[in-house]
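Structure record follows, encoded as structure tokens.
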Amino acid sequence: MTGEQIYVSHAPGDLELVQELFSTVKNFPFGVHITFEAVESGRSRRRLEGRLANSDVVVAVLTAASADSQWINQEIGYAVAKGIPVLPLYDDERCRGGFVEDVDGVTIDRQEPSVTIFNLLSRLRSELAPLGALSVPNWYVRFPCTVPDCGHPVTLEIKQDQTKLWMRSKHGKVLTASCERCESTYAFDPATIGYVRRDDGGADSDT
């Protein structure tokens with residue numbers, strides 16, 4: 001799992017929602033292209049065609065705000081024509097139509113965003129699995145240790161499938177990763193892979 005590209009097609013009014021739902025996804029070692037982040041940085045949406053064409057999955061965010069968006073419809077149609085999987089992320093079944101009417105997607109739960117993030121990660125793990133894989137591939141998050149004067153790379157390996165991760169979260173258990181240099185331990189929510197806390201180790205950071 002490295003180098004995969006995810007293109008997120010959404011309406012301008014859904015940017016804040018999209019950023020919240022993809023905050024964890026962006027920690028994984030693949031590209032996440034959120035359309036209106038690029039537009040706000042000065043790129044025109046028309047010039048994002050290259051990112052769309054090179055994506056491995058297109059996530060179409062379908063809400064009341066996107067109901068009349070010609071861009072989202074065009075980007076879905078483009079992806080389908082190119083054979084790129086489209087994952088609908090929607091508020092209501094009525095928001096789906098056209099090419100994605102019968103495509104299994106993820107319902108947005110605005111009251112429990114952690115549930116949406118978990119289901120989104122589940123579908124992405126499935127969509128990005130190598131062809132012929134017998135099980136969902138391991139994922140990982142790599143980041144620099146945040147202890148002052150350390151900065152050593154830390155890797156959180158995610159070896160369990162989504163069902164087991166959800167059960168760990170429901171039972172209040174966390175996933176952990178440790179820094180080999182300073183022995184600090186980082187805890188993450190298994191459902192969303194969101195950061196929970198850091199427990200500093202007793203070893204000197206130079207050892």
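Bridge orientation summary for the chain: considering DSSP beta bridges with both residues in this region, about 50 percent are antiparallel. Counting neighbouring beta carbons within 10 Å and listing from fewest to most, the residues TYR7, TYR186 come out as TYR186, TYR7.
Simple point charges give the picture: +1 on the Cβ of Lys and Arg, -1 on the Cβ of Asp and Glu, and for the chain a dipole about the Cα centre of about 300 debye. For the stretch 7-22, the Karplus equation 6.51 cos²θ - 1.76 cosθ + 1.60, evaluated at θ = phi - 60°, returns couplings of 10, 10, 9, 7, 7, x, x, 9, 4, 4, 4, 4, 4, 5, 6, 9 Hz by residue, with Gly and Pro reported as x. The alpha-carbon of LYS173 sits under 17 angstrom from the alpha-carbons of these lysines, leaving out residues fewer than 8 places away in its chain: LYS159, LYS164. When the chain is described by a simple charge dipole with +1 on each Lys and Arg Cβ and -1 on each Asp and Glu Cβ, the residue from ALA65, VAL147, LEU89 located farthest towards its positive end is LEU89. Calculated from the structure, Rg and Dmax of the Cα atoms in Å equals which of (1) 18.5, 59; (2) 17.1, 55; (3) 20.0, 76? For Rg and Dmax of the Cα atoms in Å, the calculated option is (1).
Taking amide H positions as modeled 1.01 Å from N, with prolines and chain starts lacking one, the residues under 5 Å from VAL196 and 5 or more places away or on another chain are ALA187, PHE188, ASP189.
Label-to-label distance, ARG198 versus GLU101, with points set 7 angstrom from Cα along the beta-carbon direction: 5.2 nm. Database remark: amide H of VAL59 closer than 5 angstrom to the amide H of TYR7, VAL8, SER9, LEU87 (H placed geometrically; neighbours at sequence offset of 5 or more, or on other chains; Pro and chain starts carry no H). For the stretch 5-127, the normalised intensity computed at q = 0.23 Å⁻¹ comes to -1.67 (log10 of I(q)/I(0), Debye sum over alpha carbons, equal scatterers, no solvent). Among CYS95, CYS150, the order by Cβ neighbours within 10 angstrom, fewest to most, reads CYS150, CYS95.
Ordered by the count of other Cβ atoms within 10 Å of each Cβ, fewest first, THR185, THR63 give THR185, THR63.
Computed over the chain, the per-residue total of -39500 (n - 2.57) for DSSP H runs of n ≥ 4 gives a 222 nm mean residue ellipticity of -7500 deg cm²/dmol, rounded to 500. Once the chain from PHE143 to GLU157 is taken as fully extended at 0.36 nm per residue, the excess over their C-alpha distance is 3.9 nm.
None of the figures in this text is laboratory data; all of them are computed from the coordinates on show. Keep in mind the model is a prediction, meaning the values are calculated, not measured. As a convention, Cβ positions derive from the backbone with ideal geometry for all residues, glycine included, and neighbour counts pool all protein chains shown.
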